[in-house]
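So the structure is just underneath, and the comments pick up after that.
The values are calculated or read from the model by the stated rules, or taken from the named source; none is laboratory data. Keep in mind the model is a prediction, meaning the values are calculated, not measured. Here the Cβ is made from the backbone with ideal geometry for all residues, glycine too, and neighbour counts use every protein chain on show. Quick note on the areas: whole protein, heavy atoms, side chains included, nothing else; ligands and nucleic acids left out. Shrake-Rupley method; radii C 1.70, N 1.55, O 1.52, S 1.80 Å.
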Amino acid sequence: MDTIRCGWGDSAPEYVTYHDEEWGVPLRGDDALFERLCLEAFQSGLSWLTILRKRPAFRAAFAGFSIDAVAEFGEEDRARLLADAGIVRNRAKVDAAIANARAAQLLPEGLTALLWSFAPEGPRTRPATLDEVPATSPESVAMAKELKRRGFAFVGPTTAYALMQATGMVDDHVATCFRALT
C-alpha cells in the first residue's frame with residue numbers, strides 16, 4: 001500500500017524526508033528555532049526545496065545557527081556569507097539573520113518561549129485539502145508584529161505561519177495524510 005502524504009510531500013525526495021520526519025513535528029530549543037526562523041526568511045520568494053537542498057551549506061555558513069555565534073558576526077562574516085554560493089546570497093536576508101540573532105539574545109524569556117506563546121490552543125479543524133491550508137493566521141500576524149517590535153526583520157505573517165507549520169505549532173497535514181492519522 002502506498003503512503004499517502006500531503007500533496008507536496010511526494011514531489012521530490014528531499015520533500016518526502018522533510019514531510020515525513022520534520023514538518024509539523026513540535027520543535028523546541030532556541031538555536032533550533034532560530035535556524036528555522038532564518039531558513040523561512042531565506043525561503044521568502046523562493047522554493048522551500050531550494051532551501052532544503054542548501055541547508056547543509058547554510059548550517060556551515062551560519063555556525064550551526066548558534067544564536068550567540070551569529071550575533072557576533074561582523075563585516076568579514078557578512079562579506080563571507082555574501083560570497084558563499086552554497087547559500088542564498090541576499091544582502092537583506094543575510095543582514096536579517098545577523099540582526100535576528102542579536103534580537104534573540106535580548107529576549108528575557110528566550111526564543112522558544114516567545115515563539116510558542118503564539119501557538120494556537122485547543123483543537124483545530126484539519127484541512128481536507130491543500131487549498132484549505134491558510135498562508136497566515138491571526139496568531140502568525142500577532143507573532144510577526146511582536147517579533148518586529150522586538151527588533152526582528154524578515155518575519156512577516158506568512159513567514160511566521162510557515163515557521164509555525166514547520167515547527168509543529170500548528171499541524172496542517174491534510175486529513176488523508178498518513179501523518180494526520182498518527
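Summary table
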| quantity | calculated |
| --- | --- |
| Pairs with Cβ under 6 Å, 6+ apart, first in the stretch 150-166 and closer than 23 Å to H19 by Cα and in contact (Cβ under 8 Å) with a residue 60 or more places away in the chain, second of a type in the set (F, W, Y) and assigned to a loop (DSSP other than H, G, I, E, B) | A166/W23 |
| Single residue of the stretch 157-182 satisfying the filter (in a helix (DSSP H, G or I) and of a type outside the set (V, I, T)) that is surrounded by the fewest Cβ atoms within 10 Å (Cβ to Cβ) | P157 |
| From the options A135, A60, residue that is touching a residue at least 24 places away in the same chain (Cβ under 8 Å), among the hydrophobic types (A, V, I, L, M, F, W, C) and under 29 Å from D172 (Cβ atoms) | A135 |
| Hey, P138 over 20 Å from S66 (Cα atoms) and over 15 Å from the mean Cα position of the chain (by Cα) or not | yes |
| Counted residues, the stretch 91-128 - those being outside any helix (DSSP H, G or I) and not charged (D, E, K, R) | 12 |
| All positions within the stretch 1-29 that are open to solvent by 50 Å² or more (accessible area, probe 1.4 Å), over 12 Å from T167 (Cα atoms) and part of a helix (DSSP H, G or I) | G7, W8, D10, P13, E14, T17 |
| Selection count, the stretch 71-89, where residues are outside any helix (DSSP H, G or I) and more than 16 Å from the chain's Cα centre (by Cα) | 8 |
| Residue count for the stretch 30-70, restricted to those that are closer than 23 Å to W116 by Cβ, open to solvent by 40 Å² or more (accessible area, probe 1.4 Å) and part of a loop (DSSP other than H, G, I, E, B) | 1 |
| Condition check for E121: closer than 17 Å to A32 by Cβ and among the charged types (D, E, K, R) | no |
| Tally, over the stretch 71-105, of residues that are in contact (Cβ under 8 Å) with a residue 60 or more places away in the chain and either surrounded by 13 or more Cβ atoms within 10 Å (Cβ to Cβ) or of a type in the set (D, E, K, R) (or both) | 4 |
